[in-house]
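Structure record follows, encoded as C-alpha cells.
Please treat every number below as a calculation from the coordinates, not as lab data. Source: prediction; values computed, not measured. Heads up, the Cβs are rebuilt from the backbone with ideal geometry, glycines too, and the neighbour counts pull from every protein chain shown.
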C-alpha cells in the first residue's frame, strides 16, 4: 500500500475532489447530450408525421 | 495565378484552405465531422489521462522539499493550465462570433464555460488544500490566487448571463463582450507571478528553462496528465457543443410548431 506520509489527507482530498468533479461534469454532459438527442428526435418525428 | 498548378490540377492557396475551415462553422458539417472524430479523441484521452494520473500518483518519488504533497501537482497544474486556456479558447470563439457571426463558435464558447469553471474550481481547491501544509494557510490574497478567484467569478458571471437572456443572439453578443473583458484576468492568472514578486505562489512548474522546471521524474507524468486534461476538455467540449446545436435546432422546431398551431 502506498504510504503518503503526513500529507495523506491533503493528497487524498485533492485527488478525491478532482476526480469527483470531473466525473460529475462528464456524467452531466453525457446525460444532457442523451436528452437533447432524444428530444430532437421526437420533435423531428412529430414534424415528419405532421 | 499563383495558386494554379500545372497538369490540369488545381491546388488551393493557403487563403483558400483557411476559408475552407469556415465550412465547419456550418452546424451540419460540424456535427458530421465531430461525430467522426469524437471516438478517436475519447480513445486518446483515455490513453493519456489514465496512465498520466496513475504514473503521477503511484510511481513518483517523494520530493525533498515538498514530501509526498508533490503528488497534488498532477491534478492542480493541469486543471490550472486548462482553466486559463479554456478562457483563451472562449475568447477566440467569442471574437469569431462578434466578427463573423458563426453560431457554432458562440455555442462552443457557451459549451466550454462549465468545463472551464470546473477546472478553475479544481485549481482553487487543490491549491488551497496544498497551501495549508506548505504555507500554513488555505488562502492568501496573493496575486495569482486572487486573479484565479476573479477568473472563477467571471466564469460564473458568463454562465449566468447566458442563462439570463432569452434571445440567443443577444446572449451570444453580451457574453462575448464579457469574455473579452474577462481575458485580462485570464492573462493576469497566467502572468501574475511574473508581475508581482510579493506573492506566495511559486513560478511555473513547467518551463522551457531547464534550470527552472521541475525534475524530469515529476515532469514527464505531469506533461502526460496535462495532455490528458487537454484531451478531456476537447472530448467534453465536442459533446457539449453538439448538445447545444441540438438544443438550438429543437428550439427552432418548437417555435415553428407553435407558429403553425396558432
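Spatially, chain A and region B:82-108 are offset by 23 Å when compared through their Cα centroids. FRET efficiency for the pair residue A:12 and residue B:150, taken as 1/(1 + (r/R0)^6) with r the Cβ-Cβ distance and R0 = 41 Å, rounds to 0.90.
Packing here is the average count of other Cβ atoms within 10 Å per residue, and on that basis the peptides B:15-23, B:181-189, B:165-173, B:44-52, highest first, run B:181-189, B:44-52, B:165-173, B:15-23.
At a 10 Å Cβ-Cβ cut-off, how would you order B:260, B:34, fewest neighbours first?
Least to most surrounded, the residues fall as B:260, B:34.
Between the C-alpha center of region B:27-63 and that of region B:140-167 there is a gap of 27 Å. Can you give the FRET efficiency to the nearest 0.05 for residue B:92 and residue B:38, using r as the Cβ-Cβ distance and R₀ = 22 Å? The value I calculate is 0.60. When chain B is treated as a Gaussian network with alpha carbon springs shorter than 10 Å, the biggest mean-square fluctuation among B:74, B:155, B:138 belongs to B:138. Tilt of helix B:216-261 relative to the longest C-alpha principal axis of chain B, in degrees (0 to 90, nearest 10)? The two axes meet at around 30 degrees.
Taken over chain A, the convex hull of the Cα atoms encloses 51 Å³ per residue. Computed on chain B, with alpha-carbon pairs under 8 angstrom and 6+ residues apart, the relative contact order is 28 percent. Mean per-residue shielding of peptide B:116-123 is 3, counting Cβ atoms of other chains within 10 Å of each Cβ.
Shielding of peptide B:146-159 by partners, expressed as the average count of other chain Cβ atoms within 10 Å per residue Cβ, is 0.
If one takes the longest principal axis of the Cα atoms in chain A, at what angle in degrees, from 0 to 90 and to the nearest 10, does the Cα axis of helix A:8-48 lie? Taking the Cα atoms of chain A, the angle to A:8-48 is about 0 degrees. Protection proxy ranking for B:139-146, A:32-39, using the average of other Cβ atoms within 10 Å per residue and placing the highest first: B:139-146, A:32-39. For chain B, the Cα-based Rg and Dmax, in that order, read 21.7, 74 Å. Note on the protein assembly as shown: percent of Cα-Cα distances in each 10 Å bin, starting at 0 and stopping at the bin with the largest distance, equals 6, 23, 29, 22, 13, 6, 2, 0.
A full extension of the chain between residue B:167 and residue B:26 corresponds to an added length of 48.7 nm, given 0.36 nm per residue minus the alpha carbon distance. Over the residues of chain B, the helix contribution to mean residue ellipticity at 222 nm works out to -27000 deg cm²/dmol, using -39500 (n - 2.57) for each DSSP H run of at least 4.
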